[in-house]
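Written out below as structure tokens is the structure these notes cover.
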Amino acid sequence: MTPTARILIAGMSGWLSGARAADNAANPADAIARQNMLQLIHLRWIAVVGQVVTILAVHFSLGFQLPLAAMMLVLAALVVLNLASLLRLKSAKPLGPYDLFSALALDALALTAQLYFSGGATNPFTTLYLMHVILGVVLLEVWATWAIVFLPSFCFLMLVAFNRPVIATGLSDQAFFGLFIMGMLMGVVLDAVLLVTFVSRINTNLRRHDAHLAELRQRAAEETHIVRMGLLASGAAHELGTPLATLDVILSDWRRMKVFAKHPELAQELEDMRGEVQRCKQIVTGVLLSAGEARSGEVRVSTLRAFMDEVVAEWRATRNSDVLAYETDLVAPTSIVAESTLKQVIHNVLDNALDASPEAVRLHASVSGGLIVIEVDDDGPGFAPETLENFGKPYNSTKGRAGGGLGLFLVVNVLRKLGGAVGAENRPEGGASVVLTLPLASLQIRRRHAR
């Protein structure tokens, strides 16, 4: 059984626990709602600053007599509302369907109060109602959208019915009309700028949310694919157990035959055959053990340096030991949980490097910034551009055989489950480099036992 199959089986319980963890993760819909609420908070701060500047300029520069105390009280209420919205965002409770609706409704009511104190329906900034309607269409459900449509319409009718004219001293009718047209222009431009800015941000949030959902679906499909292959590999291991045991018995019987005693070279070949059969049996046993108990039967305490030395020693024992150059600057006795899955991952990367470069393979292990960094280099032809572009996807291989590319696919997914990542590139001097990085904390004993 290949290292790929062993990684596949040893990771099956990891896939299932990862799926359960994903179910307990934060709701993506709540995340997008929080981002949209944050956009409304930003918009409200802009509204507060803009209204302060506009009210003071109109009252003191243009000669309009405005009730400053009442209008500043409305602005104070908007500030309190914004602070309450920020506290709501810090709460762990998910945002419900009424939160965004309430925020937009309160903004519309605050705008209505300011318009009432500054000319009512004759105020040119009544065009700002349109912004609330458009934001409602983008952010809210259907019922809430129609409610937002109704609310500004009703508020405008109330401004018409209960008109409170604003008094301007020293202005002719023509000058007043010119200021009215200028105010309408400013209102339309302000509507356009704010809508383009904030609707663009909201659409970006929605696209990010959709991309995240697509990524989750892709990961779910990949993990389903891995579990299916793991079940097939487990079944194959069960089936291989009987013929391997039969071969072992037959070879043991052959050892007692006189013909092998007379021919030492045949006896040596027979011992080599028995050794390979024993190795196959050990692989099958490991696959079956991993399938049943990937995180307990195969997990033990070690140090990072001892674990890496063991990984390299086991790989050299079954491959050409002269090819691999192993370097490490691991000195501190860092205690870790020795992951059999991670061991198979490193073996798989080394096997791929050996296939590409039978003459020289290099492995360097270190710890940097709380990350374990394992770099494997070779002197082969390097990765093709399309292979790098689709790195880690199943059946993405340069070996030209059916089913190729599963090894790196499993490597990427195992490292991702451990909180790490895999990078690949072609070296400027020739050959390829694959870098495995994962948090040291993901293998340390204290974190494991805390789970």
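The values are calculated or read from the model by the stated rules, or taken from the named source; none is laboratory data. Since the structure is predicted, the reported quantities are computational estimates derived from the model, not experimental observations. All Cβ positions, glycine included, derive from the backbone under ideal geometry; neighbour counts span all protein chains shown. Each accessible area value is taken on the protein alone, full model and side chains, heavy atoms only, with ligands, DNA and RNA left out. Shrake-Rupley method; radii C 1.70, N 1.55, O 1.52, S 1.80 Å.
A simple spin-label model places pseudo-atoms 7 Å from Cα toward Cβ; at residue 317 and residue 272 they are separated by 2.0 nm.
The fraction of Cα-Cα pairs per 5 angstrom bin, counted from 0 for the range 24-85, comes to 4, 15, 20, 17, 13, 10, 8, 5, 4, 3, 1, 1, 0 percent, rounded to whole percents. Taking 0.36 nm per residue of separation and subtracting the Cα-Cα distance, full extension of the segment from residue 133 to residue 84 would add 15.4 nm. Share of pairwise Cα-Cα distances greater than 16 Å in the range 329-371 is 53 percent (whole percent). Which stretch or stretches of the range 81-98 have amide N atoms under 19 Å from the point lying 7 Å from residue 146's Cα along the Cα→Cβ direction? Counting only backbone N, you get 97-98. With the simple model of a label 7 Å out from the Cα in the direction of the Cβ, residue 366 to residue 92 spans 4.0 nm.
FRET efficiency for the residue 192 to residue 384 pair, using the beta carbon distance and R₀ = 51 Å, is estimated at 0.55. Rolling a 1.4 Å probe over the protein heavy atoms leaves residue 138 with an accessible area of roughly 50 Å². Each of the peptides 355-364, 184-193, 157-166 was scored by the mean count of other Cβ atoms within 10 Å over its residues; in descending order, highest first, they stand as 355-364, 184-193, 157-166.
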